[in-house]
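Everything below concerns the one structure shown next.
The values are calculated or read from the model by the stated rules, or taken from the named source; none is laboratory data. On a predicted model such as this, the values are computed, not experimentally measured, just so you know. Here the Cβ is made from the backbone with ideal geometry for all residues, glycine too, and neighbour counts use every protein chain on show. Just the protein is used for accessible areas: all its heavy atoms, side chains included, with ligands, DNA and RNA removed. Shrake-Rupley method; radii C 1.70, N 1.55, O 1.52, S 1.80 Å.
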Amino acid sequence: MKPIRLLLFVFLLAVAAPASSQTLSDAALLDTVQKATLRYFTDFAHPVSGMARERSNNSFGYGNEVVTTGGTGFGVMALIAGVDRGFIGRDTTARLLLKMVNFLLKADAYHGVFAHWLNGSTGRTIPFSRKDDGADLVESAYLFQGLLCARQYFNGDNNVERELRNRINWLWSDVEWNWFTKGGEDVLYWHWSPNNGWAMNFPIRGFNECLIVYILAASADRYPVPASVYHRGWAQSNFFKNGRTFLGTVLPLGFDWGGPLFFSQYSFLGLDPHGLKDDYADYWQQNTAHTKINHHYCVQNPKKYKGYGENCWGLTASDSWVGYAAHSPTEDLGVITPTAALSAFPYSPAESMKALRYFYGPQKAKLWGPYGFRDAFSESKDWYAESYLAIDQGPIVAMIENYRSGLLWKLFMSCPEVQGGLRKLNFKSPYLK
């Protein structure tokens, strides 16, 4: 082959070959991951409702019509990040969100609260379990965390964005948070059903992934709960305060070893933990401690699982080789879930970047697909999930964006209702001036 043709051939190979984690800058790699993961909420969105499908496969008897309330809220936040980065169009996204909100206005709701799952074509409830066939307060809180961000972001003076804001406000004002105190108890309950009433009997107590529920319930204009519900309900349990040391790190709140990493992520897609304090904890300290313990545990790898280490860490709820599991240091099956380390970017940027380069480098061939990283993997079992889950994909985009720009934190914390709720519960935050 003549030299000039050889040079041209090499050049064309370089252009055609996908970039590796070694050739991409940090910023370019984050762009790549956000763009790909975002496709779960654009290309794979339900065609009728625009909501996020529960998962990409039909495992466990799920059908193609199952959309998820909480995962949709996370997806809304991912879409906002995508617009702000220029990955997707503003008007296209505003119209998608308006379609979604119009669908929700006609969907089944129980005292303003949605079920965990809906049929994406009809809006009818799909039971999560035999008695869980009505309102799911936690999933709905995740949805409204996203919708309030959308209301703040889409502030344009045009018909689509005005309608979007108005209709989000209609949904928001209809939530009867106080109904879920079960007649005035000083605690919020997770479920209520017109068929089964309060039979699920699950009071929401901390510390776990549900802090956002109490913040929103205190923030509501029409049906709020008093501060006593937070202090006597959420903050009263035998797993609220901790204060013990794990692998050299003091954990202020929660279960020993911190539990799965989604505890420090789901509520904090919108709640900015920087300088966020209440009577019980500094939430930046809480979340960074939780992340550090999880990371250190994987590095030490007491069970000697293949692959665990500085470049491969992150235990949280996900699919596994034995079914769905809430992976944590106390429930360690040798399964690493990419969303765990990637959604921890604000708390552990250097450690999360190492994990990202490992997932996109040595593990890319088995782990990377049409919607970014697949749900989970186990090198010990040579098992790699085929699935994607909305509740795992959404936080990757949103929390990477919070690490990069703080966008979603700024939007959510700018809500006047949220600021009022935080004051009511005696929170301190740089946003409360």
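Key figures for this structure:
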{"read-out": "Directionally averaged shadow of region 80-184, computed from the convex hull of its alpha-carbon atoms, nm²", "value": "7.3 nm²"}
{"read-out": "Bridge type composition, the chain - antiparallel percent by DSSP, nearest 5", "value": "95 percent"}
{"read-out": "Built amide H within the under 5 Å cut-off of S328, gap 5+", "value": "L333"}
{"read-out": "Gap separating the Cα centres of region 187-239 and region 330-376, nearest whole Å", "value": "32 Å"}
{"read-out": "J(HN,Hα) series, region 396-413, from Karplus relation 6.51 cos²θ - 1.76 cosθ + 1.60, nearest Hz, glycine and proline x", "value": "4, 5, 5, 6, 4, 5, 4, 5, 7, 9, x, 4, 6, 4, 4, 5, 5, 6"}
{"read-out": "Nearby lysines by direct alpha-carbon distance to K381 (threshold 24 angstrom, same-chain neighbours under 8 apart not counted)", "value": "K303, K304, K306, K354, K364, K366"}
{"read-out": "Charge sum, other residues only, whose C-beta stays under 12 Å from A36's C-beta, Lys/Arg counted +1 and Asp/Glu -1", "value": "+2"}
{"read-out": "Karplus-derived HN-Hα couplings along region 261-274 (A = 6.51, B = -1.76, C = 1.60, θ = phi - 60°), whole Hz, x at Gly and Pro", "value": "5, 5, 4, 9, 10, 4, 6, 9, 5, x, 5, 7, x, 4"}
{"read-out": "Sequence-distant lysines (8 or more away, or on other chains) whose Cα lies within less than 22 Å of K410", "value": "K35, K277, K424, K428, K433"}
{"read-out": "Relative contact order, percent, the chain [alpha-carbon distance under 8 Å, six or more residues apart]", "value": "17 percent"}
{"read-out": "Geometric extent, Cα atoms of region 140-197 - Rg, Dmax (angstrom)", "value": "15.0, 45"}
{"read-out": "Net charge contributed by nearby residues that have their C-beta within less than 15 Å of V187 (K/R +1, D/E -1)", "value": "+1"}
{"read-out": "Euclidean distance between Cα centres, region 393-413 to region 24-82, Å", "value": "15 Å"}
{"read-out": "Taking region 122-230 and dividing mean pair separation by its residue count, relative contact order in percent (alpha carbons under 8 Å, at least six apart)", "value": "30 percent"}
{"read-out": "Of all accessible heavy-atom area on region 36-425, the percent that carbon and sulfur account for (1.4 Å)", "value": "49 percent"}
{"read-out": "Formal net charge of residues neighbouring L367 (Cβ-Cβ distance under 10 Å; K, R +1; D, E -1)", "value": "+2"}
{"read-out": "Candidates N57, N195, N208: whichever shows maximal mean-square fluctuation once the chain is modelled as a Gaussian network with Cα springs under 10 Å", "value": "N195"}
{"read-out": "Accessible area per residue, Å², the chain with all protein chains present, probe 1.4 Å", "value": "38 Å²"}
